[in-house]
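Shown next, in structure tokens, is the structure this report addresses.
The values are calculated or read from the model by the stated rules, or taken from the named source; none is laboratory data. What you see is a predicted model; the values in this text were computed from it and never measured. Here Cβ is always computed from backbone atoms with ideal geometry, including for glycine, and neighbour counts include all displayed protein chains. Please note that ligands, DNA and RNA were not included when accessible areas were found on the heavy atoms of the full protein model with its side chains. Shrake-Rupley method; radii C 1.70, N 1.55, O 1.52, S 1.80 Å.
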Amino acid sequence: MANEKKMDCVILGLLCHESLTGYEIKKRMDTALRFFWSASFGSIYPTLNSLVHDDLVTKFETTDNGRDKVIYTITDAGREHLKKWLALPVKKDELRYETLLKLFFGGETGPDISLEHIRNFESRVRAELPFLQQATRKLQGIQDEKAHRYYLLTAMFGERVYKAYLEWCEEAKRILEE
């Protein structure tokens with residue numbers, strides 16, 4: 001399976017738990033997955049159309065409160081496709097931060113601009129960390145569903161990474177302020 005097909009598997013993974021509209025899929029990506037995966041409506045809907053075409057997902061059109069909705073449901077073939085992808089070795093974990101890219105070339109501008117980038121990064125991390133901590137606490141209290149164990153592991157990872165980011169920010173500021 002090609003790397004560009006990961007969006008297929010992200011959507012199939014979300015649909016494993018419940019049927020969703022395209023809007024609801026985007027909402028899940030912007031909340032539960034936002035710390036490690038993102039997507040735009042411009043990539044979600046073409047992927048959904050491809051999944052329907054390949055019989056990995058079905059769609060059902062309905063009306064709710066006078067609004068037309070299209071609800072997507074994973075098929076057995078979709079579950080099998082997802083399971084095959086999940087069993088494949090990870091090809092690449094990426095870390096792409098514009099802050100780090102600008103810091104890498106920061107010698108061209110000096111410490112003041114780099115310090116500002118670090119402070120802005122730190123501010124964003126501090127704002128996001130409580131969401132990860134809350135998710136971790138909430139998931140630790142859920143014992144009845146197997147899938148929550150895996151959600152908990154990703155939330156714990158995010159929380160620890162964000163704490164490490166904050167430690168790095170403190171050290172980076174100290175170094176540049178010397």
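Based on the alpha carbons, how large is the Rg to Rh ratio for region 47-117 when Rh follows Kirkwood? Here Rg/Rh amounts to 1.35. Computed from Cα positions, the angle between helix 41-53 and the longest principal axis of the chain comes to roughly 30 degrees. Sites listed here are GluC sites (Glu not before Pro) in region 116-147 whose DSSP assignment is loop and whose Cβ has at most 15 other Cβ atoms within 10 Å: Glu145. Relative to the longest principal axis of the Cα atoms of the chain, helix 76-87 runs at roughly 30 degrees. What the phi angles of region 121-138 give under the Karplus curve with 6.51, -1.76 and 1.60, with θ = phi - 60°, is a coupling list of 4, 4, 4, 5, 5, 4, 6, 8, 3, x, 5, 5, 5, 5, 4, 4, 4, 4 Hz, glycine and proline written as x. Structure note, pairs Lys5/Lys138; Lys27/Lys102; Lys26/Lys92; Lys59/Lys91; Lys26/Lys138: Cα-Cα distances above 27 angstrom occur for Lys5/Lys138; Lys27/Lys102; Lys59/Lys91. When both region 84-120 and region 132-178 are represented by their alpha-carbon centers, they are found 18 Å apart.
Each Cα pair under 8 Å and six or more residues apart adds its separation to the average, and for region 27-178 the resulting relative contact order is 15 percent. A full extension of the chain between Lys84 and Thr31 corresponds to an added length of 16.5 nm, given 0.36 nm per residue minus the alpha carbon distance. If the segment from Gln133 to His53 were pulled out straight at 0.36 nm per residue, it would be longer than the present Cα-Cα gap by 24.9 nm.
Karplus-based coupling profile of region 91-107, in residue order and whole Hz: 8, 6, 9, 10, 10, 10, 10, 4, 4, 5, 4, 5, 5, 4, 9, x, x, with θ = phi - 60° in 6.51 cos²θ - 1.76 cosθ + 1.60 and x standing for Gly or Pro.
Computed over protein heavy atoms with a 1.4 angstrom probe, the accessible surface ordering of Val57, Val90, largest first, is Val90, Val57. Each 5 Å bin from zero up to the one holding the largest Cα-Cα distance in the chain carries the following percent of pairs: 1, 7, 13, 15, 15, 14, 12, 9, 6, 4, 2, 1, 0. For chymotrypsin sites (Phe, Trp or Tyr not before Pro), the sites in region 17-110 that DSSP calls loop and that have at most 16 other Cβ atoms within 10 Å are Phe36, Trp37, Tyr97, Phe105. Once backbone amide H atoms are built at 1.01 Å from N, Val57 has Val52, Thr75 as its partners under 5 Å, excluding neighbours fewer than 5 places away on the same chain. Among the trypsin sites (Lys or Arg not before Pro) found in region 1-104, those both in a DSSP coil and sparsely packed, with 14 or fewer other Cβ atoms within 10 Å of their Cβ, are Arg34, Lys91, Lys92, Arg96.
For Asp30, Asp55, give me the order by solvent-accessible area with a 1.4 Å probe, most accessible first, ignoring ligands, DNA and RNA.
Values: Asp30 70, Asp55 105 Å².
Largest accessible area first, the list is Asp55, Asp30.
If you plug the beta carbon distance of Thr73 and Lys163 into 1/(1 + (r/R0)^6) with R0 = 41 Å, you get a FRET efficiency near 0.60.
May I ask you to give the solvent-accessible area per residue for the chain, in square angstrom, as obtained with a 1.4 angstrom probe? Before the final figure, lay out each step's value.
Details: 12340 Å² over 178 residues.
Dividing the accessible area of the chain by its residue count gives 69 Å².
Relative to the longest principal axis of the Cα atoms of the chain, the long axis of helix 22-31 lies at roughly 30 degrees.
With all protein chains present, how much of the accessible area of the chain (probe radius 1.4 Å) comes from carbon and sulfur, to the nearest whole percent?
Numbers: 6590 of 12340 Å².
For the chain, the apolar C and S fraction of the accessible surface comes to 53 percent.
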